[in-house]
1. Enumerate the pairs (first residue in segment 450-477 and over 18 Å from Lys388 (Cα atoms) and part of a loop (DSSP other than H, G, I, E, B); second residue anywhere and modelled with pLDDT of 90 or more and among the basic types (Lys, Arg)) with beta-carbon separation below 7 Å, excluding pairs fewer than 6 apart on the same chain, so at least 6 apart or on different chains.
2. Which of the residues that make up segment 382-406 are assigned to a helix (DSSP H, G or I), within 16 Å of ligand 1 (Cβ to nearest atom) and of a type outside the set (Lys, Arg)?
3. Is one or more of the residues making up segment 447-465 surrounded by fewer than 16 Cβ atoms within 10 Å (Cβ to Cβ) and under 25 Å from Arg173 (Cβ atoms)?
4. Check whether at least one residue in segment 106-122 is buried (at least 18 other Cβ atoms within 10 Å of the Cβ), more than 16 Å from ligand 2 (Cβ to nearest atom), outside any helix (DSSP H, G or I) and at pLDDT below 90, and report yes or no.
5. Kindly provide the set of residues from segment 686-743 that are buried (at least 19 other Cβ atoms within 10 Å of the Cβ), away from ligand 2 (no atom under 15 Å from the Cβ), among the small types (Gly, Ala, Ser) and more than 18 Å from the chain's Cα centre (by Cα), ordered by number.
6. Select from segment 82-94 the residues that are charged (D, E, K, R) and buried (at least 18 other Cβ atoms within 10 Å of the Cβ) and list them in ascending order.
7. Does Asp157 qualify as being more than 28 Å from Asp233 (Cα to Cα), in contact with a helix residue (DSSP H, G or I) (Cβ under 6 Å, 6 or more places away or on another chain) and surrounded by fewer than 16 Cβ atoms within 10 Å (Cβ to Cβ)?
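The values are calculated or read from the model by the stated rules, or taken from the named source; none is laboratory data. As the structure is a prediction and not an experimental result, all values here were calculated from the model. Cβ: placed from backbone, ideal geometry, glycine included. Neighbour counts: every protein chain shown.
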Amino acid sequence: KMSEGCPFHQPADATSQATMTSPTGCPVSRDAAAFDPFGASYQLDPAEALRWSREQEPVFFSPKLGYWVVSRYDEVKAVFRDNLTFSPAIALEKLTPAPPEAVKILESYGFAMRRTMVNEDEPDHMERRRLLMDAFLPENLEKHEAWVRELVRSYMDHFIDKGRADLVEEMFREIPMTVALRFLGVPSEDAKELRKFSVAHTLNTWGRPSPEQQLKIAEDVGQFWQTAQAILDRMRDEPTGEGWMYDSIRMHHQHPDVVPESYLRSMMMAILVAAHETTAFATTNAFRILLSNRASWNDICENPTLIPSAIEECLRAAGSVVAWRRIATEDADVGGVSIPKGGKLLLVQASANRDPRHFENPDEFDIYRHNSAEHFTFGYGAHQCMGKNIARMEMRIILDEFVRRLPHIHLVEDQAFEYLPNTSFRGPTSLWVEWDPEQNPERRNRGVLESPTHFHIGAPIKEDIVRRVVVAEVAREAEEVVRVDLIDPYGRELPDWSPGSHIELVSGEWRRYYSLCGKRNDRHRLSIAILREPSGRGGSLHFHETIKPGDVLHIAGPKNHFHLDETAERYTLIAGGIGITPILTMADQLKALGKPYTLHYCGAGRRTMAFLERVERDHSEALTVHASDEGCRLDISTTLSRVAEGEQVYCCGPERMLEALEVLAQNWPEGTLHVEHFSARSNILDPDKEHAFEAVLTDSNVTLQVGNDQTLLEALTAFGVDVPSDCCEGLCGTCEVAVAEGEIDHRDLVLSRAERSAGDRMMACCSRAKGDRLVLAL
Ligand code: HEM
Ligand code: FES
């Protein structure tokens, strides 16, 4: 029977599992039937092993696992968001049940682990999470930075002169455990005891342990359970102790109903598991991928402020938690596929992290990627990893110490990487590196130890994600306009970009956006055009007057907020003045695609119009030049009245031109008019004119106060909710958040009138509440 819940169904061929069906009676496709999370291909590279699923069947039933597998970004997010329909109760359930002998062993230790945080349902989960969250807030983590750095240094001192080391053995396995114990406040003599037990869990929970392994694991887990109790009892005698476990004990006294006694012991075990291998594996994976992409490694050695964005890209491309579980509490729908009540789901984060619908060129490792931090390696929503900023801090400091003290390490060639076979935790069991100790920078210059990078707590800040470039050529393109060509300092390829893309040019205090206007097939050169604007904010004047060949500058991007939809039947392109830059790349693309288009280029006079010669040469048939000093201004309303059905209009130019267009096009179907603004209207926050409001976050189940001197984006970031942002001026659309309730005071230039009146989304960097409350799907 073919149920309606199978939009991605592929007919099984006659020879294969024609009769195999899912619990809803859907035929199981050949690929789905073959999927084996313990097989070699998933173990080698889970994202690659599910490429077929991302492309053809993003939600499928796996008969080998007995789970529904979810592989695309949006579907994974939809499940994470809704922790009532998709309960985390099975997150830590043993995939391979314990045999009766193992159960007996556990009973002999009085083992009675209860659900803790990560696998708890509401409302209990959120009540506890809120009470126990304080120590994890960005503002309370800063104090740990200095000792984490000292710890990392002392581990490195042990092997820095050896020339060869297994970094997992020497430090990556050790540091996260030590940090976790110290964060909990466990006294150091007890810490030694606890270390012994922490590693059996991966295999136990997400693996296929053999019957003998099951017994050994049961023994270890039983002892872990007892030791945790003994340590907890001693900690209880110190009412003023410092650390998260002490906080939890105090919360138990204040709110015994919310943090009961039985919870403390379970939590002690659970948090060590949560904090240890996740971070150890993530660090190992990060070093492996960075050292295999030497250009990226070299870039961070030169500029350690890139470390936060590099770590985030490592977590995206090679995360340590690759799949997580949920169970449907009622009949539900995921990406159009019916999941019955009781259906178990495997959300493959590693696959979602490589979904091209969310991450451009997802298979490329790019430490400059602007949205790496949107990976799901830490989960999402109400249960999102509480320790994410601790893990980030450790990984950043470790990397910072390496790029200063051992920038010359490389991977030992031909080493075999082994992985513990399991569905969820991923990282090699060893990582061998080599170097010449004679070349250690500190042998000549102790200064490398003296100025470590200070990292802020939280997701990377966009100001840090910049790439070094060199000015190759500066050429005059028109009166007051210069073209600037940028190349990589080592002659490497620059990132690919699409028509309408821009970069942000950075020099000292100055940052300005410029559209790319070169030829797309030249991967070694990015070109921008800079207009001298004496009345602007100063950036263009500065760049226009100071840039010369050989200068080293920084750029962010390329990014594209002005996408060309290549599926329309025909196009009208309108450029005003320097707005020709993105329009020109669109015209080039449409010509290459053989699409019909007309191009209107308006300016004060021919001498001021950049690239006119090139436009006339390449686009003569489509072009009308409107030079005001020749008396031929563009008549916008006549031009727009000729726009036919199925046609799209793209315009970049001065603000008044865009406003006129937007008014004329207000009744057009959605998606017909596309404009790019050069600059924001004034969005400077004036506390005297603003009022504070409340933001209720439904996915995270919390309520925040947004002060009158604060943007919504700032309030979210301070609470550790990572909302990506870019322009922070309401221009780019990066910080869009979904709004479920409350009237929005829109201040951006991104949303169309229709989108504004729908009232279901807003830009967090500038828009606010009209009333005193907004409910957000975050
Ligand atoms: C939850 C990953 C490090 C504490 C989680 C979840 C994931 C995860 C996937 C479940 C998220 C969800 O269901 O949406 C990671 C990774 C880490 C890491 C990849 C390292 C790179 C840490 C550290 C700590 C920690 C260092 C503590 C010091 C927690 C806690 C939860 C959690 C308490 C439960 C939160 C809740 O259910 O409300 N983590 N984790 N994690 N993690 Fe982490
Ligand atoms: Fe660009 Fe908010 S960050 S619109």
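1. Filtered contacts from segment 450-477: Pro452/Arg149.
2. Start the filter on segment 382-406 by keeping residues that are assigned to a helix (DSSP H, G or I), which leaves 382-383, 388-405.
Then keep just the ones that are within 16 Å of ligand 1 (Cβ to nearest atom); that gives 382-383, 388-399.
If the condition is that a residue be assigned to a helix (DSSP H, G or I), within 16 Å of ligand 1 (Cβ to nearest atom) and of a type outside the set (Lys, Arg), then Ala382, His383, Asn389, Ile390, Ala391, Met393, Glu394, Met395, Ile397, Ile398, Leu399 are the ones that fit.
3. Yes, the conditions are met somewhere in segment 447-465.
4. As a first pass, look at segment 106-122 and keep what is buried (at least 18 other Cβ atoms within 10 Å of the Cβ): 106, 116-120.
Filter again for more than 16 Å from ligand 2 (Cβ to nearest atom), leaving 106, 116-120.
From what's left, outside any helix (DSSP H, G or I): 116, 120.
In the following step, the residues that additionally are at pLDDT below 90 were identified as 116.
Yes, segment 106-122 contains at least one residue that is buried (at least 18 other Cβ atoms within 10 Å of the Cβ), more than 16 Å from ligand 2 (Cβ to nearest atom), outside any helix (DSSP H, G or I) and at pLDDT below 90.
5. Result: Ala695, Gly742.
6. Let us first name the residues in segment 82-94 that are charged (D, E, K, R), namely 82, 93-94.
Across segment 82-94, the qualifying residue is only Asp82.
7. Details: more than 28 Å from Asp233 (Cα to Cα): yes; in contact with a helix residue (DSSP H, G or I) (Cβ under 6 Å, 6 or more places away or on another chain): no; surrounded by fewer than 16 Cβ atoms within 10 Å (Cβ to Cβ): yes.
No, not satisfied.
Conditions tested, residue by residue: (1) at pLDDT below 95; (2) under 22 Å from Glu120 (Cβ atoms); (3) within 16 Å of ligand 2 (Cβ to nearest atom); (4) surrounded by fewer than 22 Cβ atoms within 10 Å (Cβ to Cβ).
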position: Ser41; (1), (2), (3), (4): yes, no, no, yes
position: Pro46; (1), (2), (3), (4): no, no, no, no
position: Leu50; (1), (2), (3), (4): no, no, no, no
position: Phe60; (1), (2), (3), (4): no, no, no, no
position: Tyr67; (1), (2), (3), (4): no, yes, no, no
position: Arg72; (1), (2), (3), (4): no, no, no, no
position: Thr96; (1), (2), (3), (4): yes, no, no, yes
position: Ala102; (1), (2), (3), (4): yes, no, no, no
